[in-house]
Ligand SMILES: C[S@@+](CC[C@H](N)C(=O)[O-])C[C@H]1O[C@@H](n2cnc3c(N)ncnc32)[C@H](O)[C@@H]1O
């Protein structure tokens, strides 16, 4: 990839969006960009931090293959074993999508909301939203960040705390709500908006996750979700879990029964599309 051929506004974005990343790992934006840019067979030298060890000389697939990944404990440990891999990848990847975050989120946002970003990693959507609200001192917002126990969740939570302070929000709660193996999270208050972006394909039981969120939603609560569909062999298991893939049709039946689709195309028209649903 040619790093220099981007325009100035893109470099402004990479500097702004990744400044906390550079602080946390003590690196420069150009290095962050390299560490977070995808290419086939890459084995990046990922730096450690005060919360993770370095990971060196391994592909993503090698990390998956480090140990058995059958039980929830073993599968969840994959996200810990990868150190800062997804922190870099998610930050760099979302640098290209900042306008899309706002287009999706701004019309849904109201004062006094409890928003959950589920499978949040670095919490890309809430980070852009919190950064762009024009009058932070007048806003009440409650944020819950959920992922498995991993470096990208720790970093995302740290970065969100910093941003809320930098922007001088007066009235907020920021909750860290990890998922433990075989135990879905319980939130401190009812949910108004849950965003689950590129996550359902990785969870062992997507219907249980959707049900758990719905059960804790206010009336008319909103769910923003997608469920990425790759062309894969029936038997393939990896970070895109076979158990999730098997449930896909039933999962959309569950959503259609328990929510109303308010934005986005039906699954059969746009399998990996982003949809917004309202609780029935
Ligand atoms: C493709 S990334 C998407 C991250 C983020 N939502 C984004 O938009 O960049 C998938 C995320 O799902 C998380 N994840 C994997 N298994 C999970 C589980 N069982 N429960 C919650 N999150 C999970 C991963 O740690 C990772 O952050």
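The values are calculated or read from the model by the stated rules, or taken from the named source; none is laboratory data. Predicted, not measured: the structure shown is a model, and the values here were computed from it. Positions of Cβ are backbone-derived with ideal geometry, glycine not excepted, and every protein chain shown enters the neighbour counts.
Among the residues of the stretch 108-116, is there at least one that is within 12 Å of the ligand (Cβ to nearest atom), surrounded by 14 or more Cβ atoms within 10 Å (Cβ to Cβ) and within 19 Å of the chain's Cα centre (by Cα)?
Start the filter on the stretch 108-116 by keeping residues that are within 12 Å of the ligand (Cβ to nearest atom), which leaves 116.
Narrowing the set further to residues that are surrounded by 14 or more Cβ atoms within 10 Å (Cβ to Cβ) leaves 116.
Among the residues that remain, those that are also within 19 Å of the chain's Cα centre (by Cα) are: 116.
Yes, the stretch 108-116 contains at least one residue that is within 12 Å of the ligand (Cβ to nearest atom), surrounded by 14 or more Cβ atoms within 10 Å (Cβ to Cβ) and within 19 Å of the chain's Cα centre (by Cα).
Which number in (1) within 19 Å of the chain's Cα centre (by Cα); (2) away from the ligand (no atom under 15 Å from the Cβ); (3) within 23 Å of residue 188 (Cα to Cα) marks the one condition that residue 125 misses?
Failed condition: (2).
State yes or no: is residue 44 in contact with a helix residue (DSSP H, G or I) (Cβ under 7 Å, 6 or more places away or on another chain) and either assigned to a helix (DSSP H, G or I) or closer than 27 Å to residue 180 by Cα (or both)? Break it down stepwise before answering.
Details: in contact with a helix residue (DSSP H, G or I) (Cβ under 7 Å, 6 or more places away or on another chain): yes; either assigned to a helix (DSSP H, G or I) or closer than 27 Å to residue 180 by Cα (or both): no.
The answer is no for residue 44.
Within the stretch 153-179, can you find the residues that are part of a loop (DSSP other than H, G, I, E, B) and within 21 Å of residue 101 (Cα to Cα)? Give the steps one after another, and end with the answer.
We begin by selecting, within the stretch 153-179, every residue part of a loop (DSSP other than H, G, I, E, B); these are 167-170, 177-178.
If the condition is that a residue be part of a loop (DSSP other than H, G, I, E, B) and within 21 Å of residue 101 (Cα to Cα), then 167, 169 are the ones that fit.
Criterion first (modelled with pLDDT of 95 or more, assigned to a loop (DSSP other than H, G, I, E, B) and either more than 19 Å from the chain's Cα centre (by Cα) or over 23 Å from residue 72 (Cβ atoms) (or both)) does residue 273 satisfy it? First the steps, then the outcome.
Working: modelled with pLDDT of 95 or more: yes; assigned to a loop (DSSP other than H, G, I, E, B): yes; either more than 19 Å from the chain's Cα centre (by Cα) or over 23 Å from residue 72 (Cβ atoms) (or both): yes.
Considered against the rule, which asks whether it is modelled with pLDDT of 95 or more, assigned to a loop (DSSP other than H, G, I, E, B) and either more than 19 Å from the chain's Cα centre (by Cα) or over 23 Å from residue 72 (Cβ atoms) (or both), residue 273 comes out as yes.
Go through the stretch 81-96 and give me each residue that's within 11 Å of the ligand (Cβ to nearest atom) and either surrounded by fewer than 22 Cβ atoms within 10 Å (Cβ to Cβ) or under 11 Å from the mean Cα position of the chain (by Cα) (or both).
Filtering the stretch 81-96 for residues within 11 Å of the ligand (Cβ to nearest atom) gives 82, 85-87, 89-94.
Selection gives 86, 87, 89, 90, 91, 92, 93, 94.
For the stretch 180-263, give me every one of the strands (runs of 3 or more DSSP E) that falls completely inside it and has 3 or more residues that are within 18 Å of the chain's Cα centre (by Cα), surrounded by fewer than 20 Cβ atoms within 10 Å (Cβ to Cβ) and near the ligand (Cβ under 10 Å from one of its atoms). Full working, then the answer.
On the way: elements: 191-196, 217-225, 259-263.
It comes to none.
Restricting to the stretch 131-152, and then to whatever is in contact (Cβ under 8 Å) with a residue 40 or more places away in the chain and part of a helix (DSSP H, G or I), can you tell me which residue is farthest from the ligand (Cβ to nearest atom)? Spell out the reasoning first.
If we filter the stretch 131-152 for residues that are in contact (Cβ under 8 Å) with a residue 40 or more places away in the chain, which is where we start, we get 142, 144, 147-152.
Filter again for part of a helix (DSSP H, G or I), leaving 151-152.
Values: 151: 9, 152: 5 Å.
Looking at residues that are in contact (Cβ under 8 Å) with a residue 40 or more places away in the chain and part of a helix (DSSP H, G or I), I get 151.
Among (1) in contact with a helix residue (DSSP H, G or I) (Cβ under 8 Å, 6 or more places away or on another chain); (2) away from the ligand (no atom under 12 Å from the Cβ); (3) touching a residue at least 24 places away in the same chain (Cβ under 8 Å), there is one condition residue 67 misses while meeting the rest; what is its number?
The number of the failed condition is (3).
Answer yes if at least one residue in the stretch 65-76 is closer than 23 Å to residue 24 by Cβ, buried (at least 20 other Cβ atoms within 10 Å of the Cβ) and not assigned by TED's automatic domain parsing to the domain that holds residue 217, and no otherwise. Before the answer, list the steps.
If we filter the stretch 65-76 for residues that are closer than 23 Å to residue 24 by Cβ, which is where we start, we get 76.
Keeping just the survivors that are buried (at least 20 other Cβ atoms within 10 Å of the Cβ) gives 76.
Imposing the further condition that a residue be not assigned by TED's automatic domain parsing to the domain that holds residue 217 reduces the set to 76.
So far as the stretch 65-76 goes, yes, one or more of its residues are closer than 23 Å to residue 24 by Cβ, buried (at least 20 other Cβ atoms within 10 Å of the Cβ) and not assigned by TED's automatic domain parsing to the domain that holds residue 217.
Are any of the residues in the stretch 22-31 surrounded by 15 or more Cβ atoms within 10 Å (Cβ to Cβ) and within 16 Å of the ligand (Cβ to nearest atom)?
No.
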